[in-house]
Structure formats: C-alpha cells, structure tokens
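To keep things clear, I will list the structure first and then write my remarks on it.
The values are calculated or read from the model by the stated rules, or taken from the named source; none is laboratory data. Keep in mind that this is a model prediction, so the values were computed, not measured. Cβ placement follows ideal geometry from the backbone for every residue including glycine, while neighbour counts extend to all protein chains displayed.
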Amino acid sequence: MATVVVVILAGTLSTHGIVAAQAGGITRWFVLSSGVVPFIVFLIAATAELNRPPFDLVEAEQELVGGFHTEYSSIRFALFFLAEFMNVITMSAIMVTLFFGGPAGPILFGMTWFWPTVWFLLKVLAFLFVFVWFRATLPRLRYDQLMHLGWKLLIPLILFWLMFISLKELRAANDWNWIAT
C-alpha cells in the first residue's frame, strides 16, 4: 500500500517514470513529498519481509536448531546466506528507486555517465548500513507484537495516508467529478 502512494504521486507504474517524477532536487523525492509515513511503513514492511531483525521470527540465530542452519554446511549454507543478502540489496535498490530519486544526484565535473551510478550505489549502501544498524540495535519482537504492529498500527496508518494523498492529488487536479456519479 505504501507503493500505491508512490504510484499515485508519480502517475505511472514505470520505475523510469517514478524516478523521472522525482527529478528536480531532494525536495521532489517521494520520501519528502509524500510525507515520511509511506517510507516508514515500507521500510518496516520490507524489514519484516526480509526476515531481518527485529522481525527474524522464522529463524533465530540464538536458538540451538535453526532450520537450514543445521541441515546445510559449506557451500550450500553459503548460497542460502548469499540469497538472503541479495534480497536485502534488492529491497534497498527498490527503496532508493521508489522514495529517493533513484540515481538522481549532483553531476560533478561533467561526467554524466559516471555520477548517476555512484549516487545510486551510495544510496543503496546507506540502506545496507541501516539494515545492519537495525540488526545491532533493535531487540527481537515476539510474534504477537509483530501482528499488533502490522494489523493494528501500520495497515490503518497507511490506509489513512493513502486516502489523504489521494484526496490531496484529486484536489490539486480539480477532478471532483467522480463524486457526482
């Protein structure tokens, strides 16, 4: 639902169009122009989906037996671990694309082919740092706490915010004809 807010603001489902809609500086990035609420909800939901702490309920490192941790060793375990970290990198790239302008950033010394890649990688690395920071600082949630957070807090919050952004965009477009029908 947080991505629906971005799609409403961009007016397109194309990632290229979403990045193009955020062109023009930091104030146009959807993390700021949509309010910070959709980004926070997306970040929490992405962390939970990736089974990263504090939402690593599926497999806890501190427990004695942890699923594939005991079944696999050597290269098979490494492949599982790499797959988990590739998911984190992919989700970081999605967050950068949706909320932080993708490869947008200042072009220095006229090298237009070089700087967009650098800015994108720096933003992705910043999110990777955030995921490591979450792991080091946040305590693990119990399953009932996760359900309370999701169902009683995040879903109502993002539904309200989605309605708010939709009405704001309708008002900006002066398209109130749908009410009469």
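Does region 162-175 contain at least one residue that is under 23 Å from Gln22 (Cβ atoms) and in contact with a Leu (Cβ under 8 Å, 6 or more places away or on another chain)? Within region 162-175 (the criterion being under 23 Å from Gln22 (Cβ atoms) and in contact with a Leu (Cβ under 8 Å, 6 or more places away or on another chain)), the answer is yes, since at least one residue qualifies. Residue count for region 1-60 satisfying the condition of being in contact (Cβ under 8 Å) with a residue 40 or more places away in the chain, within 13 Å of the chain's Cα centre (by Cα) and assigned to a helix (DSSP H, G or I): 19. Figure legend. Inter-residue proximity from region 108-125: first residues within 18 Å of Ile26 (Cα to Cα), second residues not in a helix (DSSP H, G or I), beta-carbon distance below 6 Å, spacing 6+ or different chains. Indicated pairs: Trp115/Ile107; Pro116/Pro103; Trp119/Pro103; Trp119/Gly105; Phe120/Pro103; Lys123/Phe100. Among the residues here, Thr117 qualifies as at pLDDT 90 or above, of a type in the set (S, T, N, Q), farther than 20 Å from Ala10 by Cβ and out of contact with any Leu (no Cβ under 7 Å at 6 or more places or on another chain).
Take the residues in region 61-103 that are small (Gly, Ala, Ser) and not in a loop (DSSP other than H, G, I, E, B), then tell me which one is modelled with the lowest pLDDT. This residue is Ser74. Set side by side, the residues Leu121, Leu128, Leu108 differ, and just one is surrounded by fewer than 13 Cβ atoms within 10 Å (Cβ to Cβ), farther than 21 Å from Val37 by Cβ and of a type outside the set (Asp, Glu), which is Leu108.
Yes or no: Phe55 within 29 Å of Ala136 (Cα to Cα), of a type in the set (A, V, I, L, M, F, W, C) and out of contact with any Phe, Trp or Tyr (no Cβ under 8 Å at 6 or more places or on another chain)?
yes
Look through region 131-150, keep the residues that are out of contact with any Asp or Glu (no Cβ under 7 Å at 6 or more places or on another chain) and in a loop (DSSP other than H, G, I, E, B), and return whichever of them is surrounded by the fewest Cβ atoms within 10 Å (Cβ to Cβ). Within region 131-150, the match that is surrounded by the fewest Cβ atoms within 10 Å (Cβ to Cβ) is Pro139.
The residues of region 1-57 that are among the acidic types (Asp, Glu) and either surrounded by 15 or more Cβ atoms within 10 Å (Cβ to Cβ) or within 12 Å of Phe100 (Cα to Cα) (or both) amount to a single one, Asp56.
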